[in-house]
């Protein structure tokens, strides 16, 4: 898609120039742009000339402007990529997209494998569609870090798991990263009977040869839902304990929170996670949440009696129960934790990002609370839409409840500020 403006930041240069939603930025300094990488590079200048096609018209406006070298224009685009997104060419045995039923949001069926989105947004790429042209651009602009779905470094096994003959070139591509000083984060989706045990040992040993080019390695369990047709085995307590033990032998390798929950082990302390480089992959998110909460100073009491309920995932249940125990020490504040069972996907799915509207309704409809707090990750970004296509208005109508959306991914500070009377920043719905 072209560089379509989706919004303009208030008080920005773009607002002053009357650039508005729906406008298309055709070029900067007569140079067309393929993506946000080009845009960011071209904007690093004191003088710019923009070609702007006004929304809904053929009119092209040429705008010349002067600004500070590193000053942002304040334009938000509909997509980080302005040409065709590089599609995923794999048929991975563990692919979550392929196992989804019909009827979900259209965007959930898109399979990209685009290095630009990995660099700009932290999405994972397999490098099976990595070209010499891609390498030339990455090296020339020294882009990075990237997020790479490695899964295994065994060439034959990776070809089988990704069902792509190019998948066996993974170590060649990662060695190219090291040669060109391009850092990356690695991901391993652990599939019992495939890439666990001795194969995991091999993969971690191979990655260790790349030294500090590998910023971190995240090991996450394969998601097995009731819609999956592939005969994959879920990670159990035995495999979880074995994986944690293997990972402990290597630097910068962390297992996701689910492994510790499955193994019946305590979530590690913050030292285990380093700089928390893979929070979005569920690695350290519980510890990060608890650490943020510890730093928050609670009041002794609040002025008026208040009942709140945290509607959370089963994966985060224990953490929120620990938090709630402290909140219940505040006079006039009553807090409960209500984990949401995944009837839609099946009981093996325990993360908040996959909770549907009807599953939320079933979990909260009988709750006695003034407000129900839900994590923002349940909803599509910048919206109130659940992944099943319903929105929060639908849930309100079915439950007659008041909701607070926690827009912070790994903290509840804004929620606590509002509930304890210190600020009015959190959105109450």
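Computed from the coordinates by the stated procedures, all read-outs in this text should not be read as laboratory data. Only a predicted model underlies this, so the values are computations on that prediction, with no experimental measurement involved. Note that we place each Cβ from the backbone using ideal geometry, even for glycine, and neighbour counts take in every protein chain shown.
Using a simple spin-label model with pseudo-atoms 7 Å out from Cα toward Cβ, residue 211 and residue 7 lie 4.4 nm apart. With neighbours defined as other Cβ atoms within 10 Å of a residue's Cβ, the residues 293, 259 order from fewest to most as 293, 259. FRET efficiency for the residue 343 to residue 250 pair, using the beta carbon distance and R₀ = 45 Å, is estimated at 0.75. Ranked for footprinting exposure by Cβ neighbours inside 10 Å, fewest first, 371, 296 give 296, 371. Between residue 79 and residue 160, the contour length at 0.36 nm per residue exceeds the alpha carbon distance by 25.9 nm.
Sorting the segments 393-399, 125-131, 197-203, 300-306 by their mean number of nearby beta carbons within 10 angstrom, highest to lowest, gives 125-131, 197-203, 393-399, 300-306.
Each Cα pair under 8 Å and six or more residues apart adds its separation to the average, and for region 132-229 the resulting relative contact order is 31 percent.
Which peptide among 141-148, 45-52 comes first, and what is the full order, when sorted by highest mean count of other Cβ atoms within 10 Å?
The most tightly packed comes first, giving 141-148, 45-52.
Fully extending the segment from residue 417 to residue 367, taken as 0.36 nm per residue of separation minus the present Cα-Cα distance, adds 15.7 nm.
When the alpha carbon gyration tensor of region 1-85 is reduced to an equivalent ellipsoid, the three semi-axes, largest first, read 17, 15, 13 Å. Packing around the peptides 157-163, 24-30, taken as the average count of other Cβ atoms within 10 Å per residue, puts them in this order, highest first: 157-163, 24-30. Using the rule -39500 (n - 2.57) for each DSSP H run of four or more residues, divided by the residues of the chain, the 222 nm mean residue ellipticity is -7500 deg cm²/dmol. A convex hull fitted around the alpha carbon atoms of region 291-419 yields 100 Å³ per residue. Take every pair of alpha-carbon atoms less than 8 Å apart whose residues are at least six positions apart; their mean separation over the length of the chain yields a relative contact order of 9 percent. So, R0 is 35 Å and r is the distance between the beta-carbons of residue 180 and residue 18; what FRET efficiency does that work out to, to 0.05? Plugging the Cβ-Cβ distance into 1/(1 + (r/R0)^6) gives 0.25.
For region 97-283, the percent of C-alpha pairs falling in each 10 Å distance bin, counted from 0 to the bin holding the largest distance, reads 9, 35, 38, 16, 1.
Using a/c under 1.5 as the rounded threshold, could you call region 267-362 rounded, prolate or oblate? The axes a ≥ b ≥ c are square roots of the C-alpha gyration tensor eigenvalues, and prolate needs a/b larger than b/c, oblate otherwise.
Oblate is the answer for region 267-362, as a/c is 1.5 or above yet b/c matches or exceeds a/b.
What's the exposure ranking of 288, 115, going from fewest to most Cβ atoms within 10 Å?
Least to most surrounded, the residues fall as 288, 115.
Expressed to the nearest 5 percent, the antiparallel share of DSSP beta bridges inside the chain is 40 percent. Placing dummy labels 7 Å off each Cα toward the beta-carbon, the span from residue 234 to residue 63 is 5.3 nm. In region 291-419, Cα pairs under 8 Å separated by at least six residues give a relative contact order of 25 percent.
Distance between the pseudo-spin-label points of residue 334 and residue 49 (7 Å out from Cα toward the beta carbon): 6.9 nm.
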